[in-house]
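The values are calculated or read from the model by the stated rules, or taken from the named source; none is laboratory data. Computed from a predicted model, the values in this text were never measured in an experiment. Every residue, glycine as well, gets a Cβ built from its backbone with ideal geometry; the counts of neighbours run over all protein chains shown. Side chains are part of the model used for accessible areas, which takes the heavy atoms of the whole protein and leaves out ligands, DNA and RNA. Shrake-Rupley method; radii C 1.70, N 1.55, O 1.52, S 1.80 Å.
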Amino acid sequence: LDYPAEVVTQTYTIVAYASEYGLSVNAMTSVDEPYSVLLRSEGDLAAYGIDATRYTVTSLVSTPTREELVAAEDEYPEWVQERYLQLPEELPERVSEQAQEIVEHAGAITRYEKARAIESFLRQYQYNLDVEAVPYGEDLVDYYLFETQEGFCDYSASAMVVMLRSVGVAARYVSGYSQGQFDINRRAWVVMDYNAHAWPEVYFPGIGWVEFEPTPSQQAFERASEEIDETEDIEVLPMP
C-alpha cells in the first residue's frame, strides 16, 4: 500500500435488508461469496452487489494522522477533478460565500483544515428528524444553511460536500449505516434501520477517501497526531 491503512475483516449476518448491495467498512477488497461491483469509472468503486445472507468482507480502513492529512496537498488525479469538484449550475452564491467565510475565519489553508473548519461550523446546526421537506424549487443546501438551520444527516452531509467543492476540495456524499449497538449476548454489533446514516468523505492524494462527521447527533472523528499533547484548535464561525 502507498497510504496508511489497516486491514479489517467483518462477518455480516443479514436478518432483514431490502437491498441488493453488500455492506462493508470503508473500501471493500474481497468477499468470501460471489459478488459483482458497480464502478463510477475505472478504479472508482461505488458499491458491490451480493446475494447472500451471511458473508465475510475484508476492507481497508485508512488511518492517516492529522499531519499526514495536512500534508496531502498534491494535485488531484484527473478522475477526481472531473467528478468530485462538480457543483450545481444554479448554486446560490451565498452558499459558496459562506463556505469561503468559514475557511477564512478559521485561517484554513490546506484541504484538511478547510474540511475541519466546515465540519465544525455545521455541527452547530440543530439536529431534527422531523424537519419539513424543502419547498419545491429551493436548493436543499441553501435552505438548510439559511432558512431552517435544522435537519438530519442528509442535510449536513450534502451541505459539507457542496461547501467543500466550492472552495476547491474534492468531496463526495456517502450513505450507509452507523456501527449500531454492541449486543453482549450475541457478541456482535447489531445494526437496525434507524442506524441508517449519511456522511461526507474528502479525497486526499496519496491517502484516498477519508470520512468526516458534520451531523451533531454523531460523534466527530478524532484523528491521531504525531505530537502526543497536540490538540486541534479551530476558530468556528458562528451560524448566520
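Every condition in (1) at pLDDT 90 or above; (2) within 18 Å of A106 (Cβ to Cβ) is met by A198 except one, and the failing one is (2). Of the residues making up segment 181-240, those that are open to solvent by less than 50 Å² (accessible area, probe 1.4 Å), within 19 Å of F121 (Cβ to Cβ), in a loop (DSSP other than H, G, I, E, B) and not charged (D, E, K, R) number 7.
Within segment 1-36, restricting attention to residues that are of a type in the set (D, E, K, R) and assigned to a loop (DSSP other than H, G, I, E, B), the residue that is modelled with the lowest pLDDT is D2. Could you go through segment 77-87 and let me know if any residue there is buried (at least 16 other Cβ atoms within 10 Å of the Cβ) and more than 24 Å from E6 (Cα to Cα). Checked against the condition, which is being buried (at least 16 other Cβ atoms within 10 Å of the Cβ) and more than 24 Å from E6 (Cα to Cα), segment 77-87 yields at least one hit. From the list L39, L91, L69, the one residue that fits, being part of a strand (DSSP E or B) and either open to solvent by less than 50 Å² (accessible area, probe 1.4 Å) or modelled with pLDDT under 95 (or both), is L39. In the set (1) in a strand (DSSP E or B); (2) open to solvent by less than 30 Å² (accessible area, probe 1.4 Å), the condition left unmet by S175 is number (2). Can we say Q124 is open to solvent by 60 Å² or more (accessible area, probe 1.4 Å) and out of contact with any helix residue (DSSP H, G or I) (no Cβ under 9 Å at 6 or more places or on another chain)? Yes, satisfied. From the residues in segment 142-157 that are of a type in the set (S, T, Y) and without any contact (Cβ under 8 Å) to a residue 40 or more places away in the chain, which one is least open to solvent (accessible area, probe 1.4 Å)? In this case the residue turns out to be Y144.
Annotation note: Cβ proximity below 7 Å between a residue of segment 191-207 that is more than 19 Å from D130 (Cα to Cα) and a residue that is open to solvent by 50 Å² or more (accessible area, probe 1.4 Å) and assigned to a strand (DSSP E or B) (sequence gap 6+ or interchain) occurs for V191/Y177; P200/Y173.
Test V57 against the criterion of being surrounded by fewer than 18 Cβ atoms within 10 Å (Cβ to Cβ) and at negative phi, and give yes or no. Judged against the criteria, V57 is not a match. Inclusion of D44 among residues that are surrounded by fewer than 17 Cβ atoms within 10 Å (Cβ to Cβ) and modelled with pLDDT of 95 or more is not warranted. For the residues F152, F204, the requirement of being modelled with pLDDT of 95 or more and over 27 Å from P4 (Cα atoms) singles out F152. Taking segment 103-119 as the range and being surrounded by fewer than 22 Cβ atoms within 10 Å (Cβ to Cβ) and either under 15 Å from the mean Cα position of the chain (by Cα) or assigned to a helix (DSSP H, G or I) (or both) as the test, the residues that pass are E104, H105, A106, E113. Going by the structure shown, is V70 out of contact with any strand residue (DSSP E or B) (no Cβ under 8 Å at 6 or more places or on another chain) and more than 15 Å from A170 (Cβ to Cβ)? It is true that V70 is out of contact with any strand residue (DSSP E or B) (no Cβ under 8 Å at 6 or more places or on another chain) and more than 15 Å from A170 (Cβ to Cβ).
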